[in-house]
Amino acid sequence: MWWDGTAWQPGYLPPAPSGAVAVGYGHQPATRTNGLAVASLVLGIVSLCGIGSILAIVFGFVSINQINNDPTQRGKGMAIAGVVLGFVALAGLVVLIIVGATTNTNA
C-alpha cells in the first residue's frame, strides 16, 4: 500500500508521474578556450605600439564573434581585454605621432 496524498492505495509502488524524464546529469559538451582570444590578450599586453595593437583588436573582435556563435567556446573576457588593450596601445601610438609631429627639433 502507498499514500497518494489523499488516501491509501493498493499496490506496492506509486504510478510514475506523467511526463517523467530519465534521471541523470546528461552529457555536457566539452568547452575550450578560443585561441584567437588568447592571441588577442597576449598581443594586447605585449604591443607597446604598432602592428601588434591592430592585430589584438582584429583577433579580439573575430574571437568574440566566434564565441558568441559557438557555445562550446569560452574566453570572451580575454578577447574583450585584448581589444581594450589594443585600443589603448593604438591611442598611445597616435599620441606619439602627434607629439613627434609637433615637436620642434631646431630649438
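The values are calculated or read from the model by the stated rules, or taken from the named source; none is laboratory data. What you are looking at is a predicted structure, and each value in this text was computed from that prediction instead of being measured. Because the Cβ atoms are built from the backbone with ideal geometry, glycine has one as well, and the counts that use them run over all protein chains shown.
For (1) hydrophobic (A, V, I, L, M, F, W, C); (2) touching a strand residue (DSSP E or B) at 6+ places or on another chain (Cβ under 8 Å), each residue gets a yes or a no:
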residue	(1), (2)
60	no, no
73	no, yes
85	yes, no
89	yes, no
99	yes, no
- Message: Residue pairs, Cβ under 6 Å, 6 or more apart or interchain, first in the range 65-81 and on the phi > 0 side of the Ramachandran plot, second at pLDDT below 95 and of a type in the set (Ser, Thr, Tyr). List them.
- Response: 75/33
- So how many residues does the range 48-101 have that are of a type in the set (Ser, Thr, Tyr) and either surrounded by 15 or more Cβ atoms within 10 Å (Cβ to Cβ) or touching a helix residue (DSSP H, G or I) at 6+ places or on another chain (Cβ under 8 Å) (or both)? 2
- Note on the structure: So, first residue at negative phi in the range 28-42, second residue in a strand (DSSP E or B), Cβ within less than 8 Å, six or more apart or across chains; the pairs are 31/73; 31/74; 32/73; 32/74; 33/73; 33/74; 34/73; 34/74
